[in-house]
Each structure stands twice: as structure tokens, then as C-alpha cells.
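Below is one structure; the comments refer to it alone.
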Amino acid sequence: MNRGRLLPLACLAAALCLSCTPSTPADPEPGDADALDLERMLRQARYVPYQPSELFNDGSVMRRPPEGTVPNDRATGDPGLTRGVAGGAYVTRIPVPVTLDLLRYGKERFEIFCAACHGIAGDGESEVARNMTQRRPPSLVDARVQAFPPGRIYQVIVEGYGLMRSYEPNIPLGERWAIVAYVKALGRSRAAALDALPPPLRERARKELP
Ligand code: HEC
């Protein structure tokens, strides 16, 4: 416990028992190697933002960022690709080529990052969901979420949503779109019309399904 938290306790003890001596240790003498002073950084001479300073010609402690500096939260390049939103609207097509490899990758990342809450099948059945006392992680395969444009699901991964935190720092751009593609595939796998399948698969499904 640091002295900042000990001090009020010591004052209280002193107030309750006026004859007792407060037990707060005195400031250590300079050169006393045994005394551990944890607050030197708080007390050292320093500038705070917007303070005047004689060190610089413009009299301010604040420095202008170098020419060409970009704030790290500015959308660069193609905002549809990086944020899932372009021209004020959610992206309606996944902006990277959707291949079988991308879906396999999306499955792996989904199972690592999302399944703990939304369930391996994306249906919202998980140990976490069962134990949530507030809003549960919803099913991602029901009609409501499946109706979301891909950019909306992407945006939830980047920015979070309500109780769900942002996964932007953990999941890089390419993995996010792979996960979005897999969430869409999970939805289709639940309610695929036979007629929507490509002909060879349709034939196989007809033979194998009861
Ligand atoms: C720690 C638990 C947790 C994890 C992990 C998690 N989510 Fe969520 N998610 C939630 C909760 C809880 C909600 C509901 C939030 C609310 O309504 O406040 C939610 C909501 C959502 C929604 C619905 C948003 C809406 O508009 O209704 C989507 C889509 C979603 N999550 C996708 C994902 C994806 C994709 C991943 C993996 C990258 C993921 N979630 C990881 C807990 C989680």
C-alpha cells in the first residue's frame, strides 16, 4: 500500500487517539538507500499539457507534430475495407475474395475469438451465455443478425457493441473479414434451400439427406 492510501488511515488513527503518535513514516533523508520512495515521479519538476514554457520560441510547452503526422485513429485508405462503412453506409459485399481457404481461416479465428460467447455453431449456446446475468451474447445465425450487411458484423468486431468489447487490437483486418465470411456461412449452413446449392452439391444432398 502506498503512502497516499496510508495517510488518511493514519489521520483517522490520530483523531481517534490524540495522545498516540501518528505512525506515518517521515520522508527519507536523501542518500538513505533503505527507504523506498515510490512517489518521486509525482513530485519531480515536470510540464503538464498547455503550460507556458521558456524553453521554446513560441512560449508553449506543446509541440506541433511533424509535417504529415496522421492520428492513429484516422481511417486511411479504403474505409469500406478498414471500417466496414463507406459513404455512410455499411458495406454490402465482403471486400476481399471469399475462397474456401478464407472460410477455413475464418472458422479457426471464429472458434478462437467468438465461440466462447456466441457458441461453436454461432447459435448463442455457450457456457458464458448460460452464465450471463445481463444481456446474453445473441445467436449470430438467426434471421436478425444474418440480415445484417457484412459491414455491420465487421463494425461490431472493430468497435464492439453494447456489452461486447472491441476486438480491433486482437484481430487484424484480414482475419476480421474471414470471420465475417464464416459467420455468413454458418447462417447459410442452418437454413440452406436445396435449390440454392450448386448442381453437383444439390444432387449429393438429395441422395444423402433423408
Ligand atoms: C466475451 C463474450 C463475447 C465475445 C468473445 C464475442 N462477443 Fe459478440 N456479443 C457479446 C454480447 C454480450 C453481445 C450483446 C451485446 C449487447 O446487446 O449489449 C454481442 C453481440 C454481438 C453481435 C450483435 C450486435 C447487434 O447489433 O445486435 C454480433 C454481430 C457479434 N456480437 C459478433 C461477434 C463476433 C464476430 C465475435 C468474434 C470476433 C464476437 N462477437 C465475440 C459477447 C461476445
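Rule-based calculations on the coordinates, nothing more; no lab input. Computed from a predicted structure; not experimentally measured. In this analysis, Cβ positions are derived from the backbone assuming ideal geometry, glycine residues included, and neighbour counts consider all displayed protein chains.
Calculate the dipole size of region 57-122 relative to its Cα centre from +1 charges on Lys and Arg beta carbons and -1 charges on Asp and Glu beta carbons; express the result in debye to the nearest 20.
With only Lys, Arg, Asp and Glu charged at Cβ, the dipole is about 80 debye.
Taking 35 Å as R0, compute the FRET efficiency from the Cβ-Cβ separation of K207 and V128 and round it to 0.05.
0.35
Of K107, K207, how do they rank once you tally other Cβ atoms within 10 Å and put the fewest first?
Least to most surrounded, the residues fall as K207, K107.
Taking H placed 1.01 Å from N in the peptide plane, check which residues at least 5 places from S60 or on another chain put their amide H under 5 Å from its amide H.
S53
Per residue of region 156-171, what does 6.51 cos²θ - 1.76 cosθ + 1.60 with θ = phi - 60° give for ³J(HN,Hα)? Whole Hz please, x for Gly and Pro, Karplus curve as stated.
Result, rounded to whole Hz: 4, 5, 6, 9, x, 7, x, 6, 8, 7, 6, 9, 3, x, 9, 10.
List the residues, sorted by chain then number, that are 5 or more residues from A86 or on another chain and whose placed amide H is less than 5 Å from its amide H.
Distant-sequence amide H within range of A86: V91.
Give me S60, S53 ranked fewest to most by other Cβ atoms within 10 Å of their Cβ, as a rough exposure proxy.
S53, S60
Based on the alpha carbon coordinates of region 79-208, what radius of gyration and maximum Cα-Cα distance (Dmax) apply, in Å?
My reading of the Cα-based Rg and Dmax gives 15.3, 46 Å.
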